[in-house]
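All of the numbers you see were taken from the coordinates with simple rules; none came from a lab. Predicted, not measured: the structure shown is a model, and the values here were computed from it. FYI the Cβ positions are ideal-geometry reconstructions off the backbone, even for glycines, and counts take in every protein chain you see.
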Amino acid sequence: MRKATQNDREKVVTTLLEAFKKNKSVNYIAGRKENKIRYLMEYSFDTCMDSGEVFISDDGNACALIQFQEQKKLSLRNTYLDIQLILKTIGIGNVFKALSRESFIKKHYPKEPFTYLWFVGVNPDKQRNGFGTGILKQIIEYSSTLDRPVYLETSTESNLPWYQKHGFEIYDVSERFGFPFYFLKNA
């Protein structure tokens, strides 16, 4: 695993697009249109490059986006990215829904610094071959060197045993969005 650069942007975005196009949580915000999901992933990549880290496996089959919430600053660039997210993905009519969702999620965050695992994705043709496990283990190790726990959410129930196998525990579950939404942290 290595830190991604701008040169890796298209590979990371495409991997995440393919891995998350049927994800309930992503579809809740972006709908099912590929161009909207693509922009969400571009936004996420750019945001994590500014206030976190983007990692890609050496073979390019897996990636992870992590964010450090305390590093996200109000800036012209971030404001521009947020406006573009509204215009290209969320839609003006869904701004309240998206803001309400984000506010609800943030209430579940700890007070101390933590690593937020926003996305971890594997090229669908390579899933179930250990690529996701490899990058997840490295994210956990990286976060440990920073003395930070890792937090994430998932709407994909079939991924719960995988996260639990790697030391994550469910600390809350919500049905607020019309489907089970799990909050996890590494123990």
ask   = Which one of Ser75, Ser100, Ser57 has the biggest mean-square fluctuation once the chain is modelled by GNM with Cα springs under 10 Å?
value = Ser75
request  = Taking Rg and Dmax of the Cα atoms in Å as the quantity of interest, determine which of (i) 18.5, 57; (ii) 15.5, 42; (iii) 16.4, 50 was computed from the displayed structure.
outcome  = (ii)
request  = Before anything else, pin down the relative contact order of the chain: Cα pairs under 8 Å, at least 6 apart, normalised by residue count, whole percent.
outcome  = 22 percent
note = Flagged as over-length at 27 Å C-alpha distance, from Lys33/Lys107; Lys22/Lys126; Lys3/Lys33; Lys3/Lys126; Lys24/Lys126; Lys22/Lys106, the pairs are Lys33/Lys107; Lys3/Lys33
query = Looking at Pro110, Met49, Leu17, which one has the Cα that reaches farthest to the positive end of the dipole of the chain (charges on Cβ: Lys, Arg +1; Asp, Glu -1)?
reply = Leu17
note = One would report the antiparallel percent of DSSP beta bridges in the chain, rounded to the nearest 5, as 90 percent
message = Tell me the net charge near Gly167. Cut-off is 10 Å between Cβ atoms, Gly167 excluded, with +1 for each Lys or Arg and -1 for each Asp or Glu.
response = +2
query = Between Ser75 and Asp147, what FRET efficiency comes out of the Förster formula 1/(1 + (r/R0)^6) with R0 = 35 Å and r the beta carbon distance, rounded to 0.05?
reply = 0.85
request  = Give, rounded to the nearest 20 debye, the magnitude of the charge dipole that the stretch 115-156 has about its Cα centre when Lys and Arg contribute +1 at Cβ and Asp and Glu contribute -1 at Cβ.
outcome  = 120 debye
inquiry  = Whole angstrom only: what separates the Cα centroid of the stretch 124-174 from the Cα centroid of the stretch 29-55?
reply    = 19 Å
query = Could you give me the ³J(HN,Hα) list for the stretch 72-87, computed from phi with Karplus coefficients 6.51, -1.76, 1.60 and θ = phi - 60°, whole Hz, x at Gly and Pro?
reply = 6, 10, 6, 8, 4, 4, 5, 5, 4, 4, 5, 5, 5, 4, 4, 6
